[in-house]
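The values are calculated or read from the model by the stated rules, or taken from the named source; none is laboratory data. Just so we're clear, the structure is a prediction, and the values are computed from it rather than from any experiment. Neighbour counts run over all protein chains shown; Cβ positions are idealised from the backbone, glycine included. Calculation scope for accessible area: heavy atoms of the full protein, side chains included, ligands and nucleic acids excluded. Shrake-Rupley method; radii C 1.70, N 1.55, O 1.52, S 1.80 Å.
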Amino acid sequence: TMEFVSKGCYDLTGYPPADLIGNRKVSFGQHLIHPDDRESLWNNAQAALRKRQPYQAVYRIVAADMKEKWVWEQGQGIFSANGELLALEGFITDITERQRAEDKVRRLNRVYAMLSGINALIVRAHDRDELFREACRLAVEVGQFRIAWIGLVDHAAMRIAPVVWSGEEQGLLQAIEPYLSLRDESDETRALVARAVIEKRPLIVNDVERDPRALLRAALVERDIRSLAAFPLTIADETIGALVLLARTPGFFDDDETKLLVELAGDIAFALDHIEKEERINYLAYYDSLTGLANRALFYERLTQFIHTAQRERRKLALSVVDLDHFKNVNDALGRRTGDALLVQFAQRLTRGAGDASQIARLGADRFAVVLPDIQDEGEVLRAIEVIMTQCVGQPFRLADTELRIAFKVGIALYPHDGADADTLFRDAEAALKKAKAGGERYLFYTQQMTDRVAEKVTMESELRRALENEEFVLHYQPKVDVATGRISGVEALIRWKDPQKGLVLPMKFIPLLEETGIILDVGAWVMRRAVQDHDYWTAQGAVAPRIAVNVSAVQLRQRDFLEIVRAALGPAAKPAPIEIEITESLVMENIEENIDKLKAIHDLGVNIAIDDFGTGYSSLGYLARLPVQVLKIDLSFSARMLNEPDVLTLVSTMISLAHSMRIKVVAEGVETEQQAKALCQLKCDELQGYLIGPPVPREQITELLRRQPWRIAS
């Protein structure tokens, strides 16, 4: 029975504490905990208590007003000297709003996954029924809808005809068929899907039991359907059918989800239009008879589709046109048959190099095209094309008794920088190729400025490798102070490049290229080793050496041997380790289960784990509780805005309270004014970092700072 309950119980549950103490009126276990969560909560608590460990749990309660709330509970047992469980103590926090936000993110991620799956389907689908069948299957299996079906307009009968569905519809389509007419009938006798087709707009019912537009209400509820939506499929302003989605949960279709589903319906209509056009044209006319590759006509359509996807997903792509040097000489000297055999072998190698036949084509006698979808920048394009072409021409071609080596030229155009449609990209890539052939350059981008930028990147990549070899990188350190004592409690290691010609280069100029090229792996290992060495240096100088925070990038954390790299950097250093690693909130959530195991192993080495830029991503409270995290760093954007935006100040206060409830230290980044520092002190933030405390400085200067008097906030 309950012996003590805080006053906050009333705000959380709607029951006064007196009703719960001694189970006078309300039993916490029987009345408050949601029936579906009782068993798992009890099993979780029992398992922890058997090991005499604290337990944590996320579950639902049913408040006095019968509304459900999500709570996070942390508790522990109180045991006698002989191990007998005497009592439980703990606290419960209302996380309903956070849970709703996480649910929304999960719902949107589910729709994004469905959208991605259908977009992938669109690229390969050549049959209408396959497109519809797979789209409905993805909606049910990936989108988690109860039922999904597609109907097409039957103009002769003036009605919607269901053609494909997925999910346990249990006779629902047969029951709804009488209401699918498109003739002039009243809305009261017309199904939502028919109205959506007539009005050419999506229609949503988020409460089947109360919305009068939901016909066959009893049949829907009986099949566990509480929300439904109909999205018209439109081609050239003509509605040819509709996608209908039914869900178990009331209020399932919010504005964000509806926007994505409208886009999805548009993609299905686009694919259907493409398939119908394919069926009207002789399929063989789209392929080169010699090599089997797509010809210019088919590749043009595929390029248009790639551009459509890139535009929708805000990505870049590159079109490369490849010309074989002096191919006419091969035909003249060795004959047409040998020339054809060379083209066939080249096409086979090009297909293997690209990895996807839909991305390549034969445009003419000795001219080929390669599209690279989803590229980041020009440097990535050049490296990818070099890899493909090396696989094509790196080895000689064997033709009967003859061995041939061939050269090539490549012209490159980028979307959207050089053109927003297939015509423009083709024109620009071929113009770049013409200029490359005239100037003798192997690769040439459409604009000389672009080619110069690629050259600059390639040059800088070489310089960065040289910088690592010549020990041109240095570490600067930015101090963090403990609010309670005013003393420097830690420093963050920030890399700089001391280039012999350019002088000191800031990270924003070279870090992205380090990550892009993979050099960050070697540089990151060097940073950890140097930080440990500098820690030893401070100790030798008689200073109190603080722990050093080292930033870890996504590329580093994904390394299979990252744990061994950290262990090697620490060397014989005693626990606690002299360094802690900082990873961003978004990075740790990328592959959460694998990262939890990896970070636990690193923490076992005595290394603290800090979550950087906290508050800027979508992290889960449940996962955060499982991570071996000792420090949360509040992103500097919050420090800058909190004095002028009350909501941001409230958010900062909440993050600090949440972290402290989980025994996690909080560091505020970007502190630049005394006012910010005072506010953070009042919110009980543990440590401050920013230009008010001190800028990043070389090792010698930070050594002097470690000997100074404590830092204080001006009165």
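List of remarks:
- Number of positions in the range 50-88 that are in contact with a strand residue (DSSP E or B) (Cβ under 9 Å, 6 or more places away or on another chain), farther than 30 Å from D103 by Cβ and not polar (S, T, N, Q): 7
- Complete set of residues in the range 529-552 that are surrounded by 20 or more Cβ atoms within 10 Å (Cβ to Cβ), under 21 Å from A467 (Cβ atoms) and within 27 Å of the chain's Cα centre (by Cα): V550, V552
Every residue, every condition in (1) within 29 Å of R398 (Cα to Cα); (2) modelled with pLDDT under 90; (3) crowded, with 21+ Cβ neighbours inside 10 Å; (4) touching a Lys or Arg at 6+ places or on another chain (Cβ under 7 Å), yes or no:
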{"residue": "R280", "(1), (2), (3), (4)": "no, yes, no, no"}
{"residue": "Y287", "(1), (2), (3), (4)": "yes, yes, no, no"}
{"residue": "R314", "(1), (2), (3), (4)": "no, yes, no, no"}
{"residue": "A318", "(1), (2), (3), (4)": "no, no, yes, no"}
{"residue": "V321", "(1), (2), (3), (4)": "yes, no, yes, yes"}
{"residue": "D325", "(1), (2), (3), (4)": "yes, yes, no, yes"}
{"residue": "A361", "(1), (2), (3), (4)": "yes, no, yes, yes"}
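- Failed item in (1) surrounded by fewer than 19 Cβ atoms within 10 Å (Cβ to Cβ); (2) part of a loop (DSSP other than H, G, I, E, B), with V555 passing the rest: (2)
- Within the range 87-126, the set of residues being modelled with pLDDT of 70 or more, open to solvent by 30 Å² or more (accessible area, probe 1.4 Å) and either among the aliphatic types (A, V, I, L, M) or in a strand (DSSP E or B) (or both) comprises A87, L88, E89, G90, F91, I92, T93, D94, A113, A120.
- Candidates D207, D273, D211: the one that is open to solvent by less than 60 Å² (accessible area, probe 1.4 Å), charged (D, E, K, R) and free of Cβ contacts under 8 Å to residues at least 24 places away in the same chain is D211.
- Strands (runs of 3 or more DSSP E) completely within the range 401-516 that count 1 or more residues being at pLDDT below 85 and of a type in the set (S, T, N, Q): 402-404
- Any hit, the range 561-568, residues being over 13 Å from M528 (Cβ atoms), among the aliphatic types (A, V, I, L, M), open to solvent by less than 10 Å² (accessible area, probe 1.4 Å) and modelled with pLDDT of 90 or more: no
- Selected residue (criterion: most open to solvent (accessible area, probe 1.4 Å)) from residues of the range 569-591 that are closer than 18 Å to I611 by Cα and of a type in the set (G, A, S): S586
- Complete set of residues in the range 404-425 that are within 32 Å of the chain's Cα centre (by Cα) and either open to solvent by less than 50 Å² (accessible area, probe 1.4 Å) or of a type in the set (S, T, N, Q) (or both): I412, A413, L414, Y415, D418, G419, A422, T424, L425
- Lone unmet requirement of (1) touching a strand residue (DSSP E or B) at 6+ places or on another chain (Cβ under 8 Å); (2) farther than 22 Å from G266 by Cβ for I307: (2)
This table checks each residue for (1) within 25 Å of V666 (Cα to Cα); (2) out of contact with any Lys or Arg (no Cβ under 8 Å at 6 or more places or on another chain).
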| residue | (1), (2) |
| --- | --- |
| I565 | no, yes |
| E582 | yes, no |
| E585 | yes, yes |
| V588 | yes, yes |
| E593 | yes, yes |
| D597 | yes, yes |
| K600 | yes, yes |
| D604 | yes, yes |
| A610 | yes, no |
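- Cβ-Cβ under 7 Å pairs, at least 6 apart or on other chains, the range 688-707 side in a helix (DSSP H, G or I), far side open to solvent by 70 Å² or more (accessible area, probe 1.4 Å): T703/Q541
- Residue check for E582: outside any helix (DSSP H, G or I) and modelled with pLDDT of 90 or more: yes
- Count - residues of the range 285-304 that are farther than 16 Å from I375 by Cα and in a helix (DSSP H, G or I): 10
- Test: residue in the range 487-494 that is farther than 30 Å from A679 by Cα, open to solvent by 20 Å² or more (accessible area, probe 1.4 Å) and among the hydrophobic types (A, V, I, L, M, F, W, C): no
- Every condition in (1) in contact (Cβ under 8 Å) with a residue 12 or more places away in the chain; (2) farther than 21 Å from C136 by Cβ; (3) open to solvent by 40 Å² or more (accessible area, probe 1.4 Å) is met by D224 except one, and the failing one is (2).
- Verdict on A333 being more than 26 Å from C136 (Cβ to Cβ), open to solvent by 50 Å² or more (accessible area, probe 1.4 Å), at pLDDT below 85 and among the small types (G, A, S): yes
- Filter result for the condition that a residue is of a type in the set (G, A, S) and touching a strand residue (DSSP E or B) at 6+ places or on another chain (Cβ under 6 Å), over A569, A549, A554: A549
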